[in-house]
Structure formats: C-alpha cells, structure tokens
1. Residue-wise, which Karplus ³J(HN,Hα) couplings in Hz belong to segment 4-13, taking 6.51 cos²θ - 1.76 cosθ + 1.60, θ = phi - 60°, and x for glycine or proline?
2. Given labels modelled 7 Å from the Cα in the Cβ direction, how far is it in nm from Thr19 to Arg45?
3. Charges only on Cβ, +1 for Lys and Arg, -1 for Asp and Glu: so what's the dipole of segment 14-65 about the Cα centre, in debye to the nearest 20?
4. Could you pull out every residue, at least 5 positions away or on a different chain, whose amide H is within less than 5 Å of the one on Gly33? Hs are placed 1.01 Å off N in the peptide plane, and Pro or chain starts have none.
5. If the cut-off is a Cα-Cα distance under 29 Å, which lysines reach Lys43, setting aside same-chain residues fewer than 8 apart in sequence?
6. Order the peptides 28-34, 103-109 from the highest to the lowest mean number of other Cβ atoms within 10 Å of their residues.
7. Stokes-Einstein diffusion coefficient for the chain at 20 °C in a medium of 1.002 mPa s, Rh from the Kirkwood formula over Cα pairs: what value in µm²/s?
8. Give the long-range amide H neighbours of Gly16: residues separated by 5 or more places, or on another chain, with amide H under 5 Å away, using H modelled in the peptide plane at 1.01 Å from N.
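Nothing in this text is a laboratory measurement; each read-out follows from the coordinates by a stated rule. Quantities reported herein were computed from a predicted structural model and do not represent experimental measurements. In this analysis, Cβ positions are derived from the backbone assuming ideal geometry, glycine residues included, and neighbour counts consider all displayed protein chains.
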Amino acid sequence: QVQLVESGGGLVQPGGSLTLSCAASASIFRVNGMGWYRQAPGKQREWVATVTMSGRTAYIDSVKGRFTISRDNAKNMVYLQMNSLKAEDTTLYYCNTDPPMSRYWGQGTQVTVSS
C-alpha cells in the first residue's frame, strides 16, 4: 500500500531550480505536519524542511532562502521548490510526516546538481 510518492527530481546545473512533489494518502496528510528529508550515500538522513497543518514552515539552515516548502490541502500534495541549487544539494529526497514514521519512507526522488 503506497502512501507517499515523491517525484520531480532530475539533473540540473548549479544555480538552477527544481520543484519536488509528494503525493500523500489523505489519512496521512490531513492529520500531520509534512516534511522533506534527504540522504546522501553513506550519510544519515537529514531533515530539510517542514510545513505544519496550519502552513507554518521551517528549514535547515543550509537551505534557508533557497528552498520553499508548501502544501495543497485540497490535493493532499506537498511541494519543495528548490532554487539556487548547489552541488551539495545532490542526493535522494524523501517526504514523510514530521516527525517521520518509518513505515512511510518511500523510494525518494534523486536530485543531481552538476554542470
């Protein structure tokens, strides 16, 4: 039973932009704050951004001013608009609730920032 599906990753040049999307089951989306996370090979998964049910947002310092998280409550969707991308943003990105639930981790979507 797939409950969170990420999409929108790809290859982009440094300084470019991407928008990630996460389709969530209504049962998850409507009662939780939602977050984006990322994990590079050999490293621990890290929290990137959160949007609460009321729309408040929070970001890890390294993406502040560059990334914007949002949610569409009518569509059960979460987005991550990523601007001014850097090589160090290259990794797999996941969405999950905040705090995350182990059973909700999906396949993620790969973001590669390279010239």
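1. Here the 3J(HN,Hα) series is 9, 10, 8, 7, x, x, x, 9, 9, 6 Hz.
2. A separation of 2.5 nm, rounded to one decimal place.
3. Details: 6 positive and 2 negative charges, 13 e Å.
Using Cβ point charges on Lys, Arg, Asp and Glu, segment 14-65 gives about 60 debye.
4. Excluding prolines and chain starts, which carry no amide H, the hits are Met53, Asp98.
5. Candidates past the 8-residue exclusion: Lys64, Lys86.
6. 28-34, 103-109
7. Diffusion coefficient, whole number: 154 µm²/s.
8. It is Leu85, by chain and number.
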